[in-house]
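Notes for the one structure printed next.
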Amino acid sequence: MGLKLQGIIINENFETKQNELFELLGIETFKLINKSTLNDYWNGFQSKGKIVFSFFKNATIIRCDSHFISSDPIKSKLSKNHEIMTFYQFDTINAMSFDFFRNSKPIRRLYTDHASKYFKFEEGQVLPEENNPKSVDDSFYNLTIHFLTKRIDSKFVHDPSNSFEYEIKYTYPGFIEKLMGKTKYHNYWKRTF
């Protein structure tokens, strides 16, 4: 089946301010359906209509559907006065990508896949937080260490993280909005989804 990771990491713990997260994401209607740990949510893609907030030390992990990680306006809003990383990893097709935003601006983007033939897209310089990576995997996991102090796939992150699963109502952009370019997705996210 393969590892499936998708979401957003923010360099602030919003556990006591979850309403602010909903506001930043533009989600007006939500209902808590489960409280657990990240261990129950770390592998797999979230479907539309569900979102999971997990909190670990000084960071927030948002497990969400592809719209939220692809939308540049949402990433700009979330990263105002923050650093964020949106990420996507799907081992089955050997695909990995991430965006690193700081203070509402994209700083670094990296995307690779081997689905049909090797493809790589890169914008921005390698960041010190990537810690001299030897591969795209190294870049990704070293950035998660930057935010979480441990790799995102570590039980030392999963077990102590408080997680809240919500059912949400959100007005996703329609086909016409996407076609007319009113929704701002970077080309490599369009390629991914």
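Spin-label pair Ile33-Ser104: with each label point 7 Å from Cα along the Cα-Cβ axis, the two points sit 3.4 nm from one another.
Carbon and sulfur together cover what percent of the accessible area of region 3-181 at a 1.4 Å probe radius?
After summing per-atom areas, the C and S share lands at 48 percent.
With contacts taken as Cα pairs under 8 Å at a separation of at least 6 residues, the chain carries a relative contact order of 29 percent. The distance linking region 101-165 with region 10-57 is 19 Å (Cα centroid to Cα centroid, whole angstrom).
Let me know the charge dipole size of the chain about its Cα centre in debye, to the nearest 20, where only the beta-carbon of Lys, Arg (+1) and Asp, Glu (-1) is charged. Please list the in-between numbers first.
Values: 27 positive and 23 negative charges, 80 e Å.
That gives a dipole near 380 debye.
Dipole magnitude for region 52-105: computed about the Cα centre from +1 point charges on Lys and Arg Cβ and -1 point charges on Asp and Glu Cβ, it is near 300 debye.
For the chain, modelled as a GNM with alpha-carbon contacts under 10 angstrom, which of Leu25, Leu38, Leu143 fluctuates the most? Largest GNM mean-square fluctuation: Leu25.
Put Glu23, Glu123, Glu130 in order of accessible area, largest first, 1.4 Å probe: what do you get? Could you put the intermediate results ahead of the total?
Working: Glu23 135, Glu123 75, Glu130 0 Å².
The most accessible residue leads, giving Glu23, Glu123, Glu130.
Kindly sort Val136, Val52 by accessible area of their heavy atoms, largest first, with the probe set to 1.4 Å.
Working: Val136 25, Val52 0 Å².
Of Val136, Val52, the descending order of accessible area is Val136, Val52.
Would you tally the net charge around Gln125, using a Cβ to Cβ cut-off of less than 12 Å, leaving Gln125 out, and scoring K and R as +1, D and E as -1? It would help to have the intermediate numbers written out before the result.
Details: positive: Arg108, Arg109; negative: Glu122, Glu123, Glu129, Glu130.
Spelling it out: positives minus negatives among the neighbours equals -2.
The values are calculated or read from the model by the stated rules, or taken from the named source; none is laboratory data. Keep in mind that what you see is a predicted model, and the values were worked out from it rather than measured. A quick note on method: Cβ atoms are made from the backbone with ideal geometry, for glycine too, and the neighbour counts reach across all protein chains shown. Side chains are part of the model used for accessible areas, which takes the heavy atoms of the whole protein and leaves out ligands, DNA and RNA. Shrake-Rupley method; radii C 1.70, N 1.55, O 1.52, S 1.80 Å.
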